[in-house]
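Colleague: Attaching a single structure in structure tokens format; questions to follow.
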Amino acid sequence: MNLRCHWAGPLLAVAGLFFPSVSFCADWLIAGDSEQVEAGHSFRLQVVKPAAEAWPETLALKLMQAQGARRIALHLSDGAADSENRRTYTAEAPAGISGLVRAELADRGSNRLALLVEQPDNLSRMTETPPGGNGQAAQGMKLPAGQPEPPLSANEPMYFVVGARNGANARFQLSFKYRLFDEEGVVVRHAPWLTNFHFGYTQTSLWDLGASSKPFHDTSYRPSLFWQWRNGGRDGWPQLWRSGYEHESNGKDGLNSRSIDTLFVQPIWVWDGAEDARFVFAPKAYAYLDKDENPDIQQYRGYVDWNFRYGREKGWLLSALLRRGTAGHGGAQLDLSYPLREPVFSRVGGFLHFQLFSGYGESLLDYNLRRDTQLRVGFSVVR
């Protein structure tokens, strides 16, 4: 072990970083930009590692008070390296703590910091952007450095759009995802591989408004269980991955019953462009586990959903879903949206929404039917 011992008092003002005025012996060193952090908000730590160690994407930080100790995740920040052996990590101070807190790396020998955690005032609570409101969904996540997302968050777009081709009809979609286990809970401490385990749910309905009783033509129900984790996007690798199991069915019986079960993997690349524009490429590849009720569905849907997205958070945003089956059949969906109000947080707000669908399989019931090209206009709350 390459043990390094320091007296921290003289380092109080070095490079604007904060060290406690105590002595320590450690392999790893941590230092804060300030001794004060705000509960529920992110803060940065500078980390110095031993020369022989590699940089992990995530470190565990232990916060200690008289009431007990808890662990939070430190995430490696994107961007240029501070130096060969020094990097910036970010974390979010838990909302439920306040006062003087001692902090040290949980699984590595490090020095100990003294941090003063303050609660935000009431005005800040009402006007602040919700913590973790980055909406890291496969259809167009924003990936600020190290920002964890909340347990319940946006998944696929949520919209209500209406068209007039072959009679009035509507299409709407509801979607969310839920991280099943607390990052600091007892389950994750004993089984860390469950940290990023999610339950997802998406429901898409076609509503025949032109018929006398206004029936629902078809509804697709898609529950899923999947892991979502960051990769950092270095050397051309995706910034984010998803992988898991998904069931899709329309809830009908008899000849109209449709269902499939798939295993999927979805790498997600994000590139920032000029004037806050962002391009996302998120192909979703899958293998069919069960398709008995529609055994030839791969001829119309194929094995990959090609997802693209380009635009600005505060302007026009275009997304596309393309499918091509093994028999040459396919379908395409284009969604174009523009904000009508200030966003609640990334991807969530109120948007004018245009949707164009052409090809096969607009619904699971019609997976092998080609409908007329349909343009719909409406409103979305998640895009």
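The values are calculated or read from the model by the stated rules, or taken from the named source; none is laboratory data. Given the structure is predicted, the values throughout are model-derived calculations rather than measurements. Cβ atoms come from the backbone with ideal geometry, glycine included; neighbour counts cover every protein chain shown.
Colleague: Can you tell me which residues in the stretch 234-244 are surrounded by fewer than 18 Cβ atoms within 10 Å (Cβ to Cβ) and assigned to a strand (DSSP E or B)?
Modeller: Scanning the stretch 234-244 gives a single hit, 243.
Colleague: Test residue 203 against the criterion of being under 22 Å from residue 381 (Cα atoms), under 21 Å from the mean Cα position of the chain (by Cα) and in the same structural domain as residue 290 (by TED's automatic domain parsing), and give yes or no.
Modeller: When the stated conditions are applied, residue 203 passes them.
Colleague: If you don't mind, another one. Tell me the residue from 305, 253, 296 that is in the same structural domain as residue 222 (by TED's automatic domain parsing), acidic (Asp, Glu) and under 19 Å from residue 224 (Cβ atoms), please.
Modeller: Within the list 305, 253, 296, the selection yields 305.
Colleague: Anything in the stretch 281-318 that is under 27 Å from residue 337 (Cα atoms) and polar (S, T, N, Q)? List them, or say none.
Modeller: Across the stretch 281-318, the qualifying residue is only 307.
Colleague: Does the stretch 322-335 contain at least one residue that is crowded, with 20+ Cβ neighbours inside 10 Å and of a type in the set (Asp, Glu)?
Modeller: yes
Colleague: Can I ask one more? Can you confirm whether the stretch 80-98 contains a residue that is over 26 Å from the mean Cα position of the chain (by Cα), modelled with pLDDT under 70 and either buried (at least 17 other Cβ atoms within 10 Å of the Cβ) or within 19 Å of residue 29 (Cα to Cα) (or both)?
Modeller: The answer is yes, given that some residue of the stretch 80-98 is over 26 Å from the mean Cα position of the chain (by Cα), modelled with pLDDT under 70 and either buried (at least 17 other Cβ atoms within 10 Å of the Cβ) or within 19 Å of residue 29 (Cα to Cα) (or both).
Colleague: Which of the residues that make up the stretch 102-131 are at pLDDT 85 or above, loosely packed, with under 15 Cβ neighbours inside 10 Å and among the basic types (Lys, Arg)?
Modeller: Once the filter is applied, which keeps residues that are at pLDDT 85 or above, loosely packed, with under 15 Cβ neighbours inside 10 Å and among the basic types (Lys, Arg), the stretch 102-131 yields only 102.
Colleague: Restricting attention to the stretch 341-370, report how many residues are in a loop (DSSP other than H, G, I, E, B) and touching a residue at least 24 places away in the same chain (Cβ under 8 Å).
Modeller: Here the count works out to 12.
Colleague: Turning to a different aspect of this structure: Could you check, for the stretch 256-263, whether at least one of its residues is β-branched (Val, Ile, Thr), in the same structural domain as residue 313 (by TED's automatic domain parsing) and either in a strand (DSSP E or B) or over 30 Å from residue 374 (Cα atoms) (or both)?
Modeller: Yes, some residue in the stretch 256-263 is β-branched (Val, Ile, Thr), in the same structural domain as residue 313 (by TED's automatic domain parsing) and either in a strand (DSSP E or B) or over 30 Å from residue 374 (Cα atoms) (or both).
Colleague: Can you pull out every residue in the stretch 272-290 that is outside any strand (DSSP E or B) and acidic (Asp, Glu)?
Modeller: Listed by number, the residues that qualify are 275, 276.
Colleague: Would you tally the residues in the stretch 210-233 being more than 16 Å from residue 363 (Cα to Cα) and part of a loop (DSSP other than H, G, I, E, B)?
Modeller: Number satisfying all stated conditions: 8.
Colleague: Restricting attention to the stretch 342-365, does a residue exist that is over 26 Å from residue 163 (Cα atoms), small (Gly, Ala, Ser), surrounded by fewer than 18 Cβ atoms within 10 Å (Cβ to Cβ) and at pLDDT 95 or above?
Modeller: no
Colleague: Would you point out which residue out of 318, 289 is of a type outside the set (Asp, Glu), free of Cβ contacts under 8 Å to residues at least 24 places away in the same chain and in the same structural domain as residue 230 (by TED's automatic domain parsing)?
Modeller: 318
Colleague: Continuing with the same structure: Identify all residues within the stretch 1-60 that are part of a strand (DSSP E or B), at pLDDT below 85 and farther than 14 Å from residue 90 by Cβ; write none if there are none.
Modeller: The answer is 4, 5, 6, 7, 18, 23, 24, 25, 26, 36.
Colleague: Okay, moving on. Looking at the stretch 181-224, which of the residues that are loosely packed, with under 14 Cβ neighbours inside 10 Å and aliphatic (A, V, I, L, M) is modelled with the highest pLDDT?
Modeller: Within the stretch 181-224, the match that is modelled with the highest pLDDT is 209.
Colleague: Another question, then. Part of a strand (DSSP E or B) and touching a His at 6+ places or on another chain (Cβ under 6 Å): is that true of residue 378 in this structure?
Modeller: yes
Colleague: Further question: For the stretch 73-84, indicate whether the set of residues that are within 20 Å of residue 34 (Cβ to Cβ) and free of Cβ contacts under 8 Å to residues at least 40 places away in the same chain is non-empty.
Modeller: Yes.
Colleague: Could you tell me how many of the residues in the stretch 311-320 are buried (at least 19 other Cβ atoms within 10 Å of the Cβ) and either of a type outside the set (A, V, I, L, M) or closer than 24 Å to residue 372 by Cβ (or both)?
Modeller: Residues flagged as buried (at least 19 other Cβ atoms within 10 Å of the Cβ) and either of a type outside the set (A, V, I, L, M) or closer than 24 Å to residue 372 by Cβ (or both) within the stretch 311-320 amount to 2.
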